[in-house]
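Participant: Please see the structure below; I have some questions.
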Amino acid sequence: MLSSVTGLILAGGKGSRMGGVDKGLQTFRGKRLVDHVYERFAPQVGGIIINANQNHEEYKTFGVRVVSDAIGGYAGPLAGLHAGMSVSKRPFLASVPCDSPFLPTDLIERLHKRIDETGAELAVAKTGDQPHPVFSLIRRGVLDHLADFLKDGGRKIDAWYATLSVVEVGFDDEPEAFSNINTREELHTWENAPPA
């Protein structure tokens with residue numbers, strides 16, 4: 001466990017592609033999607049915050065802090081990062097989405113090693129040529145920079161990353177670990193796939 005890292009589970013979306021239901025609360029292999037994420041993520045960090053804009057009581061079952069976006073209108077993962085960073089006290093914030101039940105169990109260790117070696121402001125997971133922007137480790141010092149970006153109307157996570165010093169961390173040994181479940185079809189497909 002990295003005690004200098006607060007883990008943030010991003011569950012603030014509307015779940016539009018899932019038919020407008022809260023993705024994190026959908027049942028998958030006998031548990032909620034967010035339960036799978038929490039079980040893999042919590043041992044890697046010093047504490048957990050959940051970003052959710054609805055169903056707070058369901059997310060509070062973990063006994064952790066649940067925060068809503070400060071910016072209304074479901075402004076996306078950047079608004080979630082801002083909410084998490086605003087209440088976290090640790091030097092680093094790690095983010096993962098609520099719909100990725102196979103995330104690597106050494107994700108934060110590997111991201112932290114590279115951010116430490118390079119001095120970058122942000123480390124992001126990557127498989128092949130594909131970065132996975134919501135699987136990231138961020139220095140808390142960039143909070144004001146993010147607040148200004150959002151204030152100016154910025155919403156795209158990759159556009160914000162482009163303004164920071166970023167190190168990409170390869171996870172080509174675990175390409176399926178970053179699979180996220182966006183639709184009911186994907187939920188059904190993964191439900192019946194071999195366990196990760």
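The values are calculated or read from the model by the stated rules, or taken from the named source; none is laboratory data. What you are looking at is a predicted structure, and each value in this text was computed from that prediction instead of being measured. Cβ: placed from backbone, ideal geometry, glycine included. Neighbour counts: every protein chain shown.
Participant: Just give me the residues in region 70-97 being assigned to a loop (DSSP other than H, G, I, E, B) and polar (S, T, N, Q), in sequence order.
Facilitator: If the condition is that a residue be assigned to a loop (DSSP other than H, G, I, E, B) and polar (S, T, N, Q), then SER88 is the only one that fits.
Participant: I'd like the full set of residues that are of a type outside the set (Ser, Thr, Tyr) and either within 19 Å of PHE41 (Cα to Cα) or surrounded by 14 or more Cβ atoms within 10 Å (Cβ to Cβ) (or both), limited to region 117-136. Give the steps one after another, and end with the answer.
Facilitator: Taking region 117-136 first, the residues of a type outside the set (Ser, Thr, Tyr) are 117, 119-126, 128-135.
ALA120, GLU121, LEU122, ALA123, VAL124, ALA125, LYS126, PRO131, HIS132, PRO133, VAL134, PHE135 - these are the residues of region 117-136 that are of a type outside the set (Ser, Thr, Tyr) and either within 19 Å of PHE41 (Cα to Cα) or surrounded by 14 or more Cβ atoms within 10 Å (Cβ to Cβ) (or both).
Participant: Moving to a separate point now. Looking only at strands (runs of 3 or more DSSP E) that fall completely inside region 1-67, which ones have 3 or more residues that are within 13 Å of the chain's Cα centre (by Cα) and touching a residue at least 12 places away in the same chain (Cβ under 8 Å)?
Facilitator: Strands (runs of 3 or more DSSP E) meeting the threshold: 2-11, 45-52.
Participant: Limited to region 88-112, what total is found for residues that are basic (Lys, Arg) and closer than 17 Å to ASP173 by Cα?
Facilitator: 1
Participant: In this structure, does ARG65 turn out to be among the charged types (D, E, K, R), surrounded by 16 or more Cβ atoms within 10 Å (Cβ to Cβ) and under 20 Å from VAL167 (Cα atoms)?
Facilitator: No.
Participant: Taking the conditions exactly as written (of a type in the set (A, V, I, L, M), buried (at least 17 other Cβ atoms within 10 Å of the Cβ) and farther than 25 Å from ARG32 by Cβ), does VAL167 satisfy them or not?
Facilitator: Working: of a type in the set (A, V, I, L, M): yes; buried (at least 17 other Cβ atoms within 10 Å of the Cβ): yes; farther than 25 Å from ARG32 by Cβ: yes.
Yes: the conditions hold for VAL167.
Results for (1) of a type outside the set (Val, Ile, Thr); (2) touching a Ser or Thr at 6+ places or on another chain (Cβ under 9 Å); (3) modelled with pLDDT of 95 or more, shown as yes or no for each residue.
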| site | (1), (2), (3) |
| --- | --- |
| GLY72 | yes, no, no |
| GLY84 | yes, yes, yes |
| PRO91 | yes, yes, yes |
| LEU103 | yes, no, yes |
| ILE115 | no, no, yes |
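Participant: Does ILE71 satisfy being out of contact with any Gly (no Cβ under 7 Å at 6 or more places or on another chain), of a type in the set (Val, Ile, Thr) and surrounded by 21 or more Cβ atoms within 10 Å (Cβ to Cβ)?
Facilitator: So ILE71 does not fit the description; no.
Participant: Let me ask something else. Filter region 85-116 down to residues that are surrounded by 22 or more Cβ atoms within 10 Å (Cβ to Cβ), within 12 Å of LEU137 (Cα to Cα) and not β-branched (Val, Ile, Thr), then give me how many there are.
Facilitator: Result for region 85-116: 7.
Participant: Here's something else I'd like to know. Since SER100 meets every condition but one in (1) in a loop (DSSP other than H, G, I, E, B); (2) free of Cβ contacts under 8 Å to residues at least 60 places away in the same chain; (3) among the polar types (S, T, N, Q), which condition does it not meet?
Facilitator: Result: SER100 fails condition (2) only.
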